[in-house]
1. May I ask you to sort Glu231, Glu90 by Cβ crowding, counting other Cβ atoms within 10 Å and putting the fewest first?
2. Fewest Cβ neighbours within 10 Å first, please rank Tyr27, Tyr151 accordingly.
3. Would you mind computing the Rg to Rh ratio of the chain from its alpha-carbon coordinates, Kirkwood style for Rh?
4. Could you work out how far apart the two model spin labels at Glu146 and Leu202 are, taking each label as a point 7 Å from the Cα in the direction of the beta carbon, and quote it in nm?
5. Would you mind calculating the gained length between Glu231 and Glu137 on full extension (0.36 nm times residue separation, minus the Cα-Cα distance), in nm to one decimal?
6. Hey, what did the chain get for relative contact order, percent, Cα under 8 Å, at least 6 apart?
Amino acid sequence: MTTPPTGTDPQTGPRLIARLEGVSRTYARGDLRVQALRHLDFSLAPREFVALTGPSGCGKSTLLNVLSAVDRADAGSVVVLDQDLRRASESELTRMRRRSIGVVFQDFQLMPNLTTEENVGLPLALDGRQDRARVRELLERVGLSERGSHYPSELSGGEQQRVAVARALVHRPQLVVADEPTGNLDSSNGRAVLELLMEVRLEEGAALVLATHDPDVAARADRVVRLRDGELLAEEH
């Protein structure tokens, strides 16, 4: 299911990882309707690192969810990796997330009945694959090589966050979205996680979109996109 807006070069792949045009998303909270995104335009190039900033409730997490096929927009065009996500079936979206998109959720979303190694390898297992060497490599890179047999309840919040980052990278995604990936970490581990995300982006050609309140993290990005009330307020390169 391909669409013209992004286009594909037969030698280098998609010319854009993502293009969103006029995207809106509204949620119902009881009798109240909250417009999380308002006619938003956004594009993402291969290997690009974009930081999303803005106050809580400005639409950062919703934009990440729409980009990663976790949520669907109500209106507008959402083309990611040459797929029209608004027209894709649930099975197509699931397959896309398992193979091409890595997600670091703000609340980790680790499986409590799986060990650290099993959590990291979960995207591969759900796709009928396994790569124990890759799992071990990433656990070592996030400083958790000795915690592979531990369950989430036996890990600190910072350790769980690092497991979530390793899980998001294990299947070598083309797009990584991360919601406050350093928010639960001390400065040392936060720097290590950010460096890992940036290294993987360069080593494997992934694009990275990261939501953050930390100006030091945003300063490392190729581009900073500031949101307010679901709208794109400004961009800085």
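None of the figures in this text is laboratory data; all of them are computed from the coordinates on show. Predicted model only: the values in this text are computed from it and were never measured. Quick reminder, even Gly has a Cβ in these numbers, built from the backbone with ideal geometry, and neighbours come from all protein chains shown.
1. Glu90, Glu231
2. So the ranking, lowest neighbour count to highest, is Tyr27, Tyr151.
3. Details: Rg = 17.3 Å, Rh = 18.1 Å.
With Rh from the inverse mean 1/r over Cα pairs, Rg/Rh is 0.96.
4. The two pseudo-label positions are separated by 2.9 nm.
5. 29.9 nm
6. Relative contact order, the chain: 27 percent.
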